Amino acid sequence: MNKLYVGNLSPSVTVEDLKQLFGERKLPVTDQVLLKSGYAFVDFPDQNWAIKAIETLSGKVELHGKVIEVDYSVPKKLRSRKIQIRNIPPHLQWEVLDSLLAQYGTVENVEQVNTDTETAVVNVTYSTKEEAKIAVEKLTGQTFEDYSFKVSYILDMDAAPPLPATRNRRSERTSREQDSQPGTSGGSLGPRQKQQDFPLRMLVSTQFVGAIIGKEGLTIKNITKQTQSKVDIHRKENTGAAEKPISIHSTPEGCSAACRMIMDIMQKEADDTKVTEDIPLKILAHNSLVGRLIGKEGRNLKKIEEETETKITISSLQDLTIYNPERTIIVKGSIEACCRAEVEIMRKLREAYENDIAAINQQTNLIPGLSLSGHSSQLGGLYSVPPASAISHQHTQAPEQEVVYLFIPTQAVGAIIGKKGQHIKQLARFAGASIKIAPAESPDVTQRMVIITGPPEAQFKAQGRIFGKLKEENFFSAKEEVKLETHIKVPSSAAGRVIGKGGKTVMYMRVCI
């Protein structure tokens, strides 16, 4: 739940007045309304409704002669490192936002929130409480291209103190004995460890979205109720796209049950509209997890195909950008076979994800000053914690530097450099790599070489941003497949291992991408 503070209330305002106000604005009416003298606290079901309530009501609505104020209810002791920035220009480039946020401290995480508002909303985590405080003070009311930023603290559960010890009807001796047993998660000295939420993300054809939602939302409500799942259809993502993502939050069994119902609905709709093509199951997965799904020499994927009688393919690495870190796993076969494959695919992905979480927790404890990458969750928070591959380690020994040569169209050089070199400087700062553009060998060359020096993760970030910039600047038509040429030098002694026996390794890499 997202608790909001409603302030500047007239003493004559009642709970019924507030509920009527929410109902008139088509905000979800909740029984959790705590009215005090001059203010109230109201619970909303999720962050999107909370944002809508703030944007709809705060400073805009008069109740009993007083204009009310609405904002997140965050106690001072929990006003830590997390803030939310609203009313951001929708066309603002990430590089500009990165630069703006970095003025006030080290940004550990930036997550874009998918909302119904025309402007953008992001949640930002700074490395310290003091930096977040400065950002709130400096950014509140700051105007950018006629848009005035609105900034709030949001609840930071990491800053929450341990739950107080509570007595129960059993004797204190029994409680102490139980708490001291190794491996138990019970006891009253702190919150239980929360199981990590790993959603099933599907990609469905836009033509089936209406059928999945159903008249007045009845079909999707039925799916939610029967499978005990939270099902989000991201209709506003990629406006005009032929496919839309669906996120299903539940237990593994609940996700699989919801997947089966959605597949059945799509097949029925296809039959009714006389669509002759088979309906594939498309699962979205973060690129950092896909390698472990495939397995060495593709063994894991081949095993799933054989056991479920399906054909599985994975989208190309060339489709990845810093804004889109997901690959599409396409499963073809009967609905029954596809659903069996979904269970095995998600089991592998979930296992990889949980291993990453364990690695993050271990490294957070062992490595002082650990900094998490800020942009692994820009698609609306795919996962609650970035994968291990997105961790930036601060060792005493400098990470190994490698060089990659990326080739871009000559006419794109100006866009990559930016005015007075600002864009390429911001890009290098974000990626943590050195980025240089080599001089043209002759006036009529069609491609220019970009030299990227840094650790592997930094190189990937830099290449992703360059790729995204070229797409953004329309250097390629919508139908044209974008291919960037990259050269990586390896020692002669290692060439054989890259090629593999009989060329198997390099052939496998070609199949994977």
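The values are calculated or read from the model by the stated rules, or taken from the named source; none is laboratory data. On a predicted model such as this, the values are computed, not experimentally measured, just so you know. With ideal geometry, Cβ positions are generated from the backbone for all residues, glycine too; neighbour counts draw on all protein chains shown. Ligands, DNA and RNA are excluded from the accessible area calculation, which covers all protein heavy atoms including side chains. Shrake-Rupley method; radii C 1.70, N 1.55, O 1.52, S 1.80 Å.
Once each part is reduced to its C-alpha centroid, what is the distance from the stretch 91-158 to the stretch 277-350 in angstrom?
If you average the Cα positions of each part, the centres end up 35 Å apart.
For ALA415, what is the net charge nearby, where nearby means another residue's Cβ is under 15 Å from its Cβ and Lys, Arg count +1, Asp, Glu -1?
Result for the local shell: +4.
Can you send over the solvent-accessible area of GLU472, 1.4 Å probe, protein chains only, in Å² to the nearest 10?
GLU472 has an accessible surface of roughly 80 Å² with all protein chains in place.
Beyond 19 Å, what share of the Cα-Cα pairs of the stretch 200-357 remains, rounded to the nearest whole percent?
Tail of the P(r) past 19 Å holds 54 percent of the pairs.
What accessible area per residue comes out for the stretch 200-357, rounded to a whole number of Å², with a 1.4 Å probe?
Per residue, the stretch 200-357 has an accessible area of 49 Å².
Would you please name the GluC sites (Glu not before Pro) within the stretch 279-313 that are DSSP coil residues with at most 13 other C-beta atoms within 10 Å of their C-beta?
GLU309
Run the numbers for GLU24 and SER37: contour at 0.36 nm per residue of separation, minus the present Cα-Cα distance, in nm.
Full-extension gain reported as 2.4 nm.
Could you size up the charge dipole of the stretch 200-357 around its Cα centre, putting +1 on the beta carbon of Lys and Arg and -1 on that of Asp and Glu, and report it in debye to the nearest 20?
Result for the stretch 200-357 is approximately 260 debye, rounded to the nearest 20.
Can you give me the long-range amide H partners of GLU402? Hydrogens built in the peptide plane at 1.01 Å from N, cutoff under 5 Å, separation of 5 or more residues or another chain.
Under 5 Å from the amide H of GLU402: GLY454.
Based on Cβ point charges of +1 for Lys and Arg and -1 for Asp and Glu, what charge dipole magnitude is obtained for the stretch 82-153 about its Cα centre, in debye rounded to the nearest 20?
In total the dipole reaches around 300 debye.
What part of the accessible area of the stretch 200-357, given as a whole %, is carbon or sulfur when the probe is 1.4 angstrom?
Reported share for carbon and sulfur atoms: 50 percent.
Taking the simple approach of a point 7 Å from Cα along Cα-to-Cβ for both VAL67 and THR119, what is their distance in nm?
1.5 nm
In square nanometres and to one decimal, what's the mean projected area of the convex hull around the Cα atoms of the stretch 82-153?
4.2 nm²
Over all alpha-carbon pairs in the stretch 1-97, figure out the percentage whose distance exceeds 20 Å.
39 percent
What distance in nm separates the two pseudo spin-label positions at LYS436 and GLU297, each 7 Å out from Cα along the beta-carbon direction?
Taking the simple label geometry, LYS436 and GLU297 are separated by 4.2 nm.
Which of rounded, prolate, oblate describes the stretch 284-338, given a ≥ b ≥ c as roots of the alpha-carbon gyration tensor eigenvalues and a/c under 1.5 marking rounded, otherwise prolate only if a/b is larger than b/c?
Since a/c reaches 1.5 but b/c is at least a/b, the shape of the stretch 284-338 is classed as oblate.
Per residue, how much accessible area does the stretch 1-153 have with a 1.4 Å probe, in Å²?
Averaged over the residues of the stretch 1-153, the accessible area is 49 Å².
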